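See below for the structure under consideration.
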Amino acid sequence: MNKILSVKNLTKRYRNGITALSNVSMEIEHGEFVAIIGSSGSGKSTLLRCINRLIQPTEGSVEFDGSDICKLSSAELKKIRRKIGMIFQHHNLVNSLTVIQNVLHGRLGYMRTIPAVLGLYSDSDRRKALDLLEQTGLNSFVTQRAGELSGGQQQRVGILRALMQNPMLMLCDEPIASLDPHSAKLVMGLIKQLTVERGITCIVNLHQVEAAVRYATRIIGLDHGNIVFDDTPDKLTDDIIRKIYGGNPHDLIIGGKMHEGTEAQELVS
Amino acid sequence: MKEPKLKSLCRKFKKRIVLLAVIVIVGGATWFARFNPLAIFFEMDTFISFFIKDFFPPQFVFQAENIRALFVTVAMAFAASMTAFLIAGFLSFLGSDTTSPSLILARGIRAVASVFRNVPTLVWAFILFMSFGIGETIGFLALLISSLGFLTRAFIETLDAAAPEIREAAVATGATYWKRVFCFILPDIIPGYISWLLYNVELNIRSSSIVGMVGGGGIGLVLFSYIKMYRYGKAAGIIIQIALLVIAFECVTKNIRKRILS
Ligand SMILES: Nc1ncnc2c1ncn2[C@@H]1O[C@H](COP(=O)(O)OP(=O)(O)O)[C@@H](O)[C@H]1O
Ligand SMILES: [Mg+2]
């Protein structure tokens, strides 16, 4: 009734024949903070990207705020995407631009083409960006190049860029996977705080079970493209964790660090 | 079972096959060109005496005309690079599969750019010289054609390799094509483009004097006329000037490139 997102029978087969998602269904309500956990290759990124159609699903439907994402024209899709903020593992900032320019990019979807390409942001947008930067302790980096910041700082800029979109839903793809424990805590805390304050629904892909248990109001476990768990964090037992991670103890012990290595290798090869 | 065996056998002999091929090709080419590699050693003394007697001492002629020719050579290189930069910058967006409106157009642009790049500048100069005669315009056009090929290919590669993550972030904000290009992709690739431009200037300064020799004007033409008149001392002076010019530019552009890319 009060749901913001409804995914039905979602299947994604890549052209190389790999089935990344098979028949995934989930309903998410306004204000939920959902963590999706699962080992590397379980389909977390694919699921997240099907929601804003960065990846075209093979079958199934995604209903967001009353419209079927898979049936929208490309112009309608662009409009809807403004309402869905996204945060990435590698921040995905434009390193050669300043911090504030990167934050203001969140407004581009709302602007007319000419002012947008000339970077003529409105005063209220600038004000808002500066306020957010101050709130998150980045006010001394406003005119610094994004590439010169530390990983944790860059991720905070990424969060602010997404927030500038005034999103209803926030998609976070492993936002802390390449951060040190201290920055990871800071970034997760910030995502939680900023989205709760604004009543933004949040879906976060995570490797780390601890982080999921700590921050999420609901946890979804993915294994080989299937949902194998969907409940509150307190229902997540060791047995279930073992099931989610396919009985591979390495995933549990070494957690994020090991995955980072394997993912980096996948990217290189 | 058979295939892997064959493969490993191939791998084993690969080095030897390559070595054999190199020997055959070098030997064949030498025989075909009737060039005796040992001639270098046999005729070393004539070569050295020519070098010492005729080229030394180098004479420097500081005539207004020569200095102007030097400027023309530099100007040709710069003008060709800058013009090519603008045109190639535009063409690269049509030529990269990641940004092009049409994949067929993209393939066409890449094919033409390859031809422009892979035919040596000297050959372009010669073709132009035969159809239009001597002049600085010929030198400029020859440099422009090869720069255009070179930069278009380099830019397309830069664009193809530009962080796909940034493109993804741009799409996720709901930005349209032009906003994505101007606000995300361009700022991401411009340092790379400028670095290629500087490298192209470096290349053009070098080939600008050579193109001059076959009719492109500038210092190359002056050098060629000295050689034709057997004024080897003066020619040597010009060669030294060209070398200094090339080295100076290389130092400057290398420095700037290092600073841009860091
Ligand atoms: N672009 C792609 N083309 C082909 N296969 C892909 C692609 N992206 C992901 N996959 C495959 O789909 C599966 C799920 O990947 P992904 O969604 O990235 O998982 P996760 O984010 O949980 O690590 C993996 O087996 C992966 O190799
Ligand atoms: Mg992933």
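Here is how the numbers come out for the structure above:
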quantity: Residue order for B:Phe51, B:Phe71 - accessible surface, 1.4 angstrom probe, largest first; calculated: B:Phe71, B:Phe51
quantity: Equivalent-ellipsoid semi-axes of region B:1-156, from the Cα gyration tensor, Å, largest first; calculated: 38, 36, 13
quantity: Neighbourhood net charge (15 Å Cβ-Cβ; Lys/Arg +1, Asp/Glu -1) for A:Phe64; calculated: +3
quantity: Candidate aspartates and glutamates - alpha carbon under 12 Å from B:Lys254, same-chain residues fewer than 8 apart omitted; calculated: B:Glu202
quantity: Dimensionless Rg/Rh of the protein assembly as shown - Kirkwood Rh, Rg from C-alpha atoms; calculated: 1.11
quantity: Accessible surface buried once B binds A (1.4 Å probe; total of both sides; Å²); calculated: 1800
quantity: Neighbourhood charge, 14 Å Cβ-Cβ cut-off, centred on A:Ile191 and excluding it, Lys, Arg +1 and Asp, Glu -1; calculated: +2
quantity: Nearest-10 value in Å² for the accessible area of B:Lys14, using the 1.4 Å probe; calculated: 130
quantity: Rel. contact order, % - alpha carbon contacts under 8 angstrom, at least six apart, region B:64-261; calculated: 29
quantity: Partner chain coverage, peptide B:184-196 - average Cβ within 10 angstrom; calculated: 2
quantity: Acute angle (nearest 10 degrees) that the helix B:232-261 long axis makes with the longest principal axis of chain B, alpha-carbon atoms; calculated: 20
quantity: Other protein chain Cβ atoms within 10 Å, averaged over every residue that makes up A:94-100; calculated: 4
quantity: Calculated over chain B: convex hull of Cα atoms, volume per residue (Å³); calculated: 228
quantity: Selection of trypsin sites (Lys or Arg not before Pro), region A:11-42, meeting DSSP coil and at most 16 other Cβ within 10 Å; calculated: A:Arg15
quantity: Region B:128-180 - convex hull of the alpha-carbon atoms, volume per residue in Å³; calculated: 92
quantity: Nearby lysines by direct alpha-carbon distance to B:Lys15 (threshold 24 angstrom, same-chain neighbours under 8 apart not counted); calculated: B:Lys2, B:Lys5, B:Lys7
quantity: Whole-percent carbon and sulfur share, accessible surface of region B:64-261, 1.4 Å; calculated: 73
quantity: Of A:Lys71/A:Lys243; A:Lys79/A:Lys235; A:Lys83/A:Lys192, those spanning more than 28 Å from alpha-carbon to alpha-carbon; calculated: A:Lys71/A:Lys243; A:Lys79/A:Lys235
quantity: Under 5 Å, built H, 5+ apart or other chain: amide partners of B:Gly217; calculated: B:Gly135
quantity: Mean-position separation - Cα centroids, region A:32-87 and region B:140-174, in angstrom; calculated: 30
quantity: Local electrostatic count, B:Ile185, Cβ distance below 11 Å [Lys/Arg +1, Asp/Glu -1]; calculated: +2
quantity: Efficiency of FRET between B:Asp54 and B:Thr98 - r from beta-carbon atoms, R0 56 angstrom, step 0.05; calculated: 0.50
quantity: Per residue value of the accessible surface for the protein assembly as shown (all protein chains in place, 1.4 Å probe), Å²; calculated: 52
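The values are calculated or read from the model by the stated rules, or taken from the named source; none is laboratory data. Every value quoted in this text rests on a predicted model; they were computed, and no experiment measured them. Here the Cβ is made from the backbone with ideal geometry for all residues, glycine too, and neighbour counts use every protein chain on show. Only protein heavy atoms, including side chains, enter the accessible area calculation; ligands, DNA and RNA are left aside. Shrake-Rupley method; radii C 1.70, N 1.55, O 1.52, S 1.80 Å.
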